[in-house]
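Read the figures in this text as sums done on the coordinates, not as results from a lab. Since we're looking at a predicted model, the values are computed, not measured. No Cβ is skipped: glycine too gets one built from the backbone with ideal geometry, and neighbour counts run over all protein chains shown.
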Amino acid sequence: MSKIENYNFSGKKAIVRVDFNVPFNEKFEITDDTRIRAAMPTIQKILKDGGSAIIMSHLGRPKGKVNPDFSLNHIKAHLAKTVGTDVIFAGDCVGSEVKAKAESLKPGQILLLENLRFYLEEEGKPKLPEGASDEETKVAKAEMKEKQKAFSKELASLADVYVNDAFGTAHRAHASTAVIADYFDTDSKMFGFLIESEVQSLDKVVKEPKRPFTAIMGGAKVSSKITIIENLLDKVDNLILGGGMTFTFMKARGGKVGNSICEDEYLDLAKEIEKKAKEKGVNLLLASDVVAGDSFSNDANTQIVSADDIPEGWEGLDAGPNSVKEFCHVIENSATILWNGPVGVFEMDTFAKGSRAVADAIVAGTKKGAFSLIGGGDSVACINKFGLADGVSYISTAGGALLEYLEGKELPGIKAIRG
Ligand SMILES: Nc1ncnc2c1ncn2[C@@H]1O[C@H](COP(=O)(O)OP(=O)(O)OP(=O)(O)O)[C@@H](O)[C@H]1O
Ligand SMILES: O=C(O)[C@H](O)COP(=O)(O)O
């Protein structure tokens, strides 16, 4: 593989896989463009060298069907404004018209391809009829594998060089993130600057973190974070579990959770995690008190209650003042801090104080010299909402990919280039 910093794109067409899977409001305005801005160093380098960039991405999960709501055309104007140059929209991602547009690209120009997931070939999962037999499934999967190769080859044929800068999608073994790399020789494929810096920053947490190492895992559900929580028990000194998952743990301890979000099928696992934490000497912190609301609304009536004694008809929606004090003391005295998932419903101001305090403590810890890393779509939205992004050492653009990397898994998008 080549190194982007040493590569000269002059006269070359580079096909760049980015992750422009960004959030929109109902007017199709981008509500957080972090991922677009994060791709700029790579795109600018290609253009500045005198190359042209063919940008490809997915947006949402259109499941192999053309759906105007998920068109990359919604991103075109914002991309053009961010790069500071016109963007040509291809209207499709493969086919003769796209090929012609790619061929006529001049140095300094950008061609934006249509959403790759309008084709089933991108994800490589065949659509199976209901009740398909094992044999039918096997045949359909083999056929799709061939189609995926052809699709990847066609994408590759648009350019001289392949750059993968989509860290947010590096955990997917898709046509544009992995298979395409087979159609470029070693010197003509590389990571973009974003993947390089994501890996470098995550390694500070994964490999030999400075101690004490504190992870704050929050969010709505235990189920979506269970593997990472188990895995972190081998790495961290302090594990703060907040947000909705608090109540599965509280119920597992025999507490009353009222109407709080709770996953009964994970009660045994929650007990197991508490036991393992004790065995491994990990300081596991759960909220001692919470702000409960009488409805899931910013206008709810609220009261502060013990986290294991939520009255019927009430639900825990934020960490309470005592919990916040306990969490922040640990965070501010850490040398490595990882935050994934808000500790309350931060989208509603009434229940945002806990997450705000955690964010402030991370900034304070960082000022004292800690390395802090925040990842996950909602956590990044949360730190941006508070205007504190500059006070953190690194903000990852990834959600699922970040968690898989932290779990120690080899990401297909990285393996495809590194070999
Ligand atoms: N006590 C709670 N009850 C219900 N929902 C909660 C609670 N605490 C936090 N949440 C919700 O959890 C959501 C964030 O969880 P999630 O696990 O998705 O975070 P993330 O990992 O940062 O984001 P992503 O999954 O997009 O990468 C927020 O929308 C927040 O409102
Ligand atoms: O937002 C993300 O985590 C990435 O863009 C990957 O999206 P996916 O989960 O739909 O593959």
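Residue by residue, the stretch 72-79 carries 3J(HN,Hα) couplings of 6, 4, 5, 9, 3, 5, 5, 5 Hz when phi is fed to the Karplus relation 6.51 cos²θ - 1.76 cosθ + 1.60 (θ = phi - 60°); x denotes Gly or Pro. By DSSP, the beta bridges lying fully in the chain are antiparallel in about 20 percent of cases. Here the Karplus relation 6.51 cos²θ - 1.76 cosθ + 1.60, evaluated at θ = phi - 60°, turns the backbone of the stretch 266-281 into coupling constants of 10, 4, 5, 5, 4, 4, 4, 5, 4, 5, 4, 4, 4, 4, 8, x Hz, with x for every Gly and Pro.
When averaged across all projection directions, what area in nm² does the alpha-carbon convex hull of the stretch 90-188 cover?
Working: hull surface 30.9 nm².
So the Cα hull casts an average projection of 7.7 nm².
Label 7 Å along Cα→Cβ of Asp49; the stretch 189-212 residues with amide nitrogen under 11 Å? So the set is 189-193. For the stretch 4-196, the direction-averaged projected area of the alpha-carbon convex hull comes to 11.2 nm². By how many degrees, 0 to 90 and rounded to 10, does the Cα axis of helix 193-206 deviate from the longest principal axis of the chain? The angle comes out at about 30 degrees. Backbone amide hydrogens, once placed in the peptide plane, bring Cys93 within less than 5 Å of Glu114, excluding anything fewer than 5 places away on its chain.
Between Gly242 and Met217, Gly218, the built amide H atoms are under 5 Å apart, and every one of these is 5 or more places off in sequence or on another chain.
If you fit an axis through the alpha-carbon atoms of helix 40-49 and take the longest principal axis of the Cα set of the chain, what angle between them do you get, 0 to 90°, nearest 10? Approximately 20 degrees, to the nearest ten. The stretch 5-66 and the stretch 92-139 have Cα centres separated by 17 Å. Relative contact order of the stretch 146-288, taken over Cα pairs closer than 8 Å and 6 or more residues apart, is 18 percent. Counting only residues at least eight positions apart within a chain, or on another chain, the aspartates and glutamates with an alpha carbon under 13 Å from that of Lys13 are Asp49, Glu103, Asp160.
Which order do His74, His174 fall in if you start with the one that has the fewest other Cβ atoms within 10 Å? It would help to have the intermediate numbers written out before the result.
Details: His74 18, His174 25.
So the ranking, lowest neighbour count to highest, is His74, His174.
Each Cα pair under 8 Å and six or more residues apart adds its separation to the average, and for the stretch 4-196 the resulting relative contact order is 27 percent.
Please identify every one of the GluC sites (Glu not before Pro) in the stretch 316-419 that sits in a loop by DSSP and has no more than 12 other beta carbons within 10 Å of its own beta carbon. Intermediate results must be reported in sequence, preceding the final value.
On the way: sites: Glu326, Glu332, Glu347, Glu404, Glu407, Glu410; in loops: Glu347, Glu407, Glu410.
Counting only loop positions with at most 12 other Cβ atoms within 10 Å, the GluC sites (Glu not before Pro) in the stretch 316-419 are Glu410.
Between Asn333 and Lys65, full extension at 0.36 nm per residue minus the direct alpha carbon distance yields a gain of 91.5 nm. With contributions of -39500 (n - 2.57) from each DSSP H run of at least four residues, the per-residue ellipticity at 222 nm computed over the chain stands at -11000 deg cm²/dmol.
In terms of surrounding Cβ atoms within a 10 Å radius of their Cβ, Phe28, Phe213 rank from fewest to most as Phe28, Phe213.
Taking K and R as +1 and D and E as -1, what net charge do the other residues with C-beta under 14 Å from the C-beta of Gly408 add up to? List each step's numbers first, then the result.
Numbers: positive: Lys207, Lys235, Lys409, Lys415; negative: Asp203, Glu208, Glu230, Asp234, Glu404, Glu407, Glu410.
My count for the surroundings of Gly408 gives -3.
Sequence-distant contacts, meaning Cα pairs under 8 Å at least 6 residues apart, place the relative contact order of the chain at 15 percent. Percent of C-alpha pairs per 20 Å bin in the chain, short distances first: 25, 50, 24, 1. Among residues other than Asn25 with Cβ under 15 Å from its Cβ, the summed charge is -4 (Lys and Arg +1, Asp and Glu -1). Step through the table entries Lys145/Lys409; Lys276/Lys368; Lys125/Lys415; Lys48/Lys409; Lys210/Lys367; Lys138/Lys225, compare each Cα-Cα distance with 25 Å, and write down the pairs that go over it. Checking Cα-Cα distances, Lys276/Lys368; Lys48/Lys409; Lys138/Lys225 exceed 25 Å.
Pairs from the table (Lys147/Lys221; Lys65/Lys235; Lys27/Lys65) lying more than 31 angstrom apart at Cα are Lys147/Lys221; Lys65/Lys235.
Each residue of the stretch 342-356 is assigned a 3J(HN,Hα), and the resulting list reads x, 8, x, 7, 5, 5, 9, 4, 4, 10, 9, 5, x, 5, 5 Hz, derived from the Karplus form 6.51 cos²θ - 1.76 cosθ + 1.60 (θ = phi - 60°), x at Gly and Pro. Set against the 2.2 N^0.38 Å expectation for a compact globular protein, the stretch 208-406 has a Cα radius of gyration ratio of 0.94.
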